[in-house]
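Report on the following structure.
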Amino acid sequence: MVNAFTYIDNQLYAEHVPARVLAEQYGTPLYIYSRAALIDAYQSYADACTGRRAKIHFAVKANSNLAVLSVFARLGAGFDIVSGGELTRVLAAGGKPNDIVFSGVGKSIAEMRMMLDMGGRCFNVESRAELAQLSRVAGESGRIAPISLRVNPDVDAKTHQYISTGLKSTKFGIAFDDARTTYRAALDMKYLRITGIDCHIGSQITEISPYLDAIDKILELVVQLESDGALIHHIDIGGGLGIRYDTETPPDIGTFVKTILDHFDQRGHSHREIWFEPGRSLVGNAGILLTRVEYLKPGAVKNFAIVDAAMNDLIRPAMYGAYHAIDAVTPRDDSQPLVTYDIVGPVCESGDWLARDRPLILESGDLLAIRSVGAYGFSSSSNYNSRPRAAELLVDDTRVHVARQRETLTQLMDGESALPHYIK
Ligand code: LLP
């Protein structure tokens with residue numbers, strides 16, 4: 001795998017551009033993505049699918065920046081979306097309607113219409129109520145909605161409870177035991193056309209076995225569905241492949257994809273078209289977040305390095321206790337003693353931390369790089385504490401593309417208005 005963020009002469013580079021120069025020019029906090037790393041990850045999926053009927057749909061929620069989406073669109077990727085906003089972004093980035101799959105438990109009528117009008121590839125339907133609503137909306141629009149049902153295979157993905165979605169206890173998908181009757185109901189709905197079946201068991205999964213268990217259950221169902229008269233053209237196994245943040249050892253993309261495809265072959269289903277919906281494994285390690293140390297604050301029990309990035313820029317540590325590696329952009333002379341710091345932001349919450357107990361040699365003004373933030377970094381950032389969102393850059397060799405300008409203070413108030421004088 002390409003590591004696009006490496007040291008040359010004690011300086012961290014983003015591809016062939018010194019990170020320090022980017023921080024000086026564009027300010028911090030600053031997200032930086034590597035085009036080469038994005039392409040490399042996508043190509044690993046595509047290469048492992050060579051000779052097979054398979055499609056990779058990038059899960060847009062992981063990183064919805066237009067520049068990132070356009071890299072994937074140009075490579076011929078499909079897209080997995082969960083909102084009208086993501087749909088609009090994919091089209092703006094050059095994605096083709098026929099490559100778009102619409103997932104999510106709560107599609108609105110307006111979103112269903114958008115997808116139908118545009119000619120999207122497939123709705124992944126998650127409940128009986130949604131099925132009925134989609135059929136009605138399709139009928140009113142004079143269209144037939146292509147669908148698959150997201151079935152909850154009730155397997156344990158062995159990941160963080162907030163990102164485990166394949167168990168009975170989560171809100172996702174149609175219960176395995178109800179799947180057959182729900183497909184039968186769909187067969188009777190005039191404005192729906194069944195095209196496949198879908199499942200997604202969680203995120204940051206580091207073992208292949210939960211996928212194989214899920215596939216076995218799905219295949220059992222597929223045989224029954226076809227005997228009921230449903231045509232299952234594709235099987236979508238969702239996303240979820242984990243990446244290395246710290247010491248995790250997920251399978252590499254090629255091994256993961258080949259093991260899955262081989263499993264379909266061994267079960268006698270090599271003729272199926274297989275879809276993947278990866279997010280994190282395509283973008284996670286293709287991004288870093290640069291932040292500057294504002295103050296060092298030694299304490300009785302802890303030392304804090306207060307930096308200019310915060311939980312609004314990167315929510316993963318606060319939300320999941322997630323680990324992100326942190327490195328100095330220009331490491332200081334290592335003859336000085338290491339000091340253990342918690343890296344925290346300026347937001348007024350004790351939960352506003354980015355890293356804990358990191359041995360570093362720091363001075364105020366130093367630049368740090370927070371690694372593996374390409375997935376669910378900027379895309380889940382917010383304006384909490386009225387902090388403008390960071391800028392995003394995409395680096396291509398020595399070229400720098402401003403993928404998103406830093407938000408301004410005035411933009412923060414767009415659409416708002418203070419009370420008029422006639423309201424007391
Ligand atoms: N497909 C569906 C239906 C999904 O819900 C998701 C992610 C994916 C695909 C992509 O999964 P991935 O390959 O990225 O694991 N904010 C959390 C992750 C939430 C994942 C939500 N669903 C985090 O920062 O870890």
Worksheet item: Residues in segment 142-161 that are closer than 19 Å to Leu187 by Cα and in contact (Cβ under 8 Å) with a residue 12 or more places away in the chain: how many?
Response: 9
Practice prompt. Would you confirm whether any residue within segment 183-206 is farther than 24 Å from Gly279 by Cβ, in contact (Cβ under 8 Å) with a residue 40 or more places away in the chain, assigned to a helix (DSSP H, G or I) and among the charged types (D, E, K, R)?
Written response: yes
Discussion item. So, in segment 187-210, how many residues would count as being in contact with a helix residue (DSSP H, G or I) (Cβ under 6 Å, 6 or more places away or on another chain) and more than 16 Å from the ligand (Cβ to nearest atom)?
Written reply: 4
Discussion item. What are the pairs with Cβ atoms under 7 angstrom where one residue, in segment 257-285, is assigned by TED's automatic domain parsing to the domain that holds Ala48 and of a type in the set (Asp, Glu) and the other, located anywhere, is away from the ligand (no atom under 13 Å from the Cβ) and part of a loop (DSSP other than H, G, I, E, B)? Sequence gap at least six, or different chains.
Written reply: Glu273/Arg53; Glu273/His233
Response to the item:
Matching residues in segment 227-259 (under 28 Å from Thr181 (Cβ atoms) and within 16 Å of the ligand (Cβ to nearest atom)) number 7
Worksheet item: Pick from Ala37, Ala67: which is buried (at least 24 other Cβ atoms within 10 Å of the Cβ), away from the ligand (no atom under 14 Å from the Cβ) and outside any strand (DSSP E or B)?
Response: Ala37
Item to complete: Could you pull out the residue among Gly51, Gly85 that is assigned to a loop (DSSP other than H, G, I, E, B) and either more than 12 Å from the ligand (Cβ to nearest atom) or within 14 Å of the chain's Cα centre (by Cα) (or both)?
Response: Gly51
Discussion item. Which of the numbered conditions does Ala309 fail, given that it passes all the others? Conditions: (1) under 15 Å from Tyr31 (Cβ atoms); (2) buried (at least 24 other Cβ atoms within 10 Å of the Cβ); (3) within 13 Å of the ligand (Cβ to nearest atom).
Written reply: (3)
Item to complete: Run His57 past the list (1) surrounded by 19 or more Cβ atoms within 10 Å (Cβ to Cβ); (2) within 15 Å of the ligand (Cβ to nearest atom); (3) over 26 Å from Ser372 (Cβ atoms) and report the number of the one that doesn't hold.
Response: (3)
Worksheet item: Checking Tyr42 against (1) more than 19 Å from Gly240 (Cβ to Cβ); (2) touching a residue at least 60 places away in the same chain (Cβ under 8 Å), which test does it fail?
Response: (1)
Worksheet item: Of all residues in segment 321-345, how many are aromatic (Phe, Trp, Tyr) and outside any loop (DSSP other than H, G, I, E, B)?
Response: 1
Discussion item. Suppose we filter Ile163, Ile109 for residues that are of a type in the set (Val, Ile, Thr) and at pLDDT 95 or above; which single one remains?
Written reply: Ile109
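The values are calculated or read from the model by the stated rules, or taken from the named source; none is laboratory data. Just so you know, these numbers come straight off a predicted model, no measurement behind them. No Cβ is skipped: glycine too gets one built from the backbone with ideal geometry, and neighbour counts run over all protein chains shown.
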